[in-house]
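Please treat every number below as a calculation from the coordinates, not as lab data. No experiment lies behind these values; they were computed from the predicted model shown. Cβ atoms come from the backbone with ideal geometry, glycine included; neighbour counts cover every protein chain shown.
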Amino acid sequence: MTRRSGPRLLRGIAGAAAVALLTGCAAGTGAGSGDGDPNSDQAIAALGETTHPTGDAGAWFWDSYRNGLAGAYSTPDDVCGIGRDLPADLESDAFPGDIVVESREASGGSRVIGRSLSVGAVLWEMPGRCQQGAVVGDTVLVSGIGEASAWQSALVSTRTGRTIMRLPNPGESDQADSATPIARGEDADALIEPTDTRLFAVGSRTIMSVSLPDPDAGSGAGAGGSADASQGADPAPPTGTLNWAADLGSEIEPVPLGDGMIGITERLSDRMLVVDGEDGEVVLEQTLDDKHALTWLSDGYLLRENESDPAYVFYDLGGAEVERTVGDSQYGFVPGPGQGITYSIADQLAGNTTVGVDAAGRPALVEDDERRNRLRGATVGERDLPGSIISLRSVSRDGSLLLFPRDSESENPLPGVAGDHAVVIDQRGDRVIEWPLASAGVRVMAGYIVAFDGSSTHVLLPERS
């Protein structure tokens, strides 16, 4: 985690020379562009099959970025995530009261701070630290609470800074520091909410399942406003019930799968596991020749056997071979497992060279049988995209916009853009937004585009019509 401290800055367009709003500036006008609606049902159906994504709808960015940027919330601190009360209609661009949760390291100790994303005001503050990925829904998992000899982790409300529960000690030195959203049943948009009976907390080696305490068991700690959440607190907030805990290796990366299963990849080795979220049982453990050849699917996984002469094997979650393909590339969908989104084996087989999909699973960017890049409203050459087709980073919820990080060393420079930039294009290939980047790159958090330039993090705020 990068350690930084310093003042925050809320920037509007008028004061941010680095922000470029690009309207009507064509990146490419390939065959197929015209006056029709590129996002019509007919145009979308012509592009390919509809898939069935499972996971966090916040992995797709807001459609209102089509209007450009209203400004950016910028901070030198580490952004752990953005807390929100998800709207009932996940297609809505309404985001009242969103809160950015930051972790700051200073000489006086680490702090976790909740700020209004729209005005930058401090809403609450407490001792501890959090990391990127620690915010789920309107809760954040805060670690490093208490004395160094007895650090604890707790689930905290992003709205008030109050402790909902402390996490039980699983008997391991590894401390949970992030929460993992797990899809439940057939609900593709499910997130863990504070009222859910299960929280899956992740440390560098350990995953544990915790049942939240009875809400009458304690009033919780902390206070709202800018006051320290440790003042006036209940000295003994409730502790969750440990259902199970498992030490699964070094530097583990969990991915929520279907039916409550969890896919685990070990970063420091070529090992993969499938864990049953109900009881923590390891149902599959396997050593891979190359962990980068693995793609998690909601009901199994895909392994690349040969890249130059494409050969792929599909397996179910028990490790049994389901299908094998030769000669056809299998591109991963975006958003994908790295953003907590998975697709079925059937989806991957049907949309093998589909790259971008919207939140409803409809195609937004594909490579056709003639190896042409096809948008909904245009067929474009590789040099007309901000980067290669497989560098696509995210898609807007309705699929009308595509987000690319463009590397200044790319062989396909975008006309008129110098240096590394995040670039948003529409379905005709026209540029809508660009933002300067450092090597740290760009990602999407809770529907917001978040850019990293090495010294600061910028949450880009969409203009609302």
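Other residues within the sphere of radius under 9 Å centred on the Cβ of Arg129, judged by their own Cβ, net out at -1 (K and R +1, D and E -1). As a rough footprinting exposure proxy, the listed residues Met165, Met445 were ranked by other beta carbons within 10 Å of their own, and the order from fewest upward is Met445, Met165. Scanning residues 5 or more positions from Leu401 or on other chains, those with amide H under 5 Å from its amide H are Ser396, with H placed 1.01 Å from N in the peptide plane.
Given their separation in residues at 0.36 nm each and the Cα-Cα distance between them, Ala46 and Thr353 gain 109.1 nm when the chain is fully extended.
Counting neighbouring beta carbons within 10 Å and listing from fewest to most, the residues Ile345, Ile145 come out as Ile345, Ile145. Taking other Cβ atoms within 10 Å as a rough exposure proxy, Val355, Val136 sort from fewest to most as Val355, Val136. Taking a temperature of 20 °C and a viscosity of 1.002 mPa s, what whole-number D in µm²/s does Stokes-Einstein yield for segment 289-412 with Rh from Kirkwood over alpha carbon pairs? For these conditions, the coefficient is 141 µm²/s.
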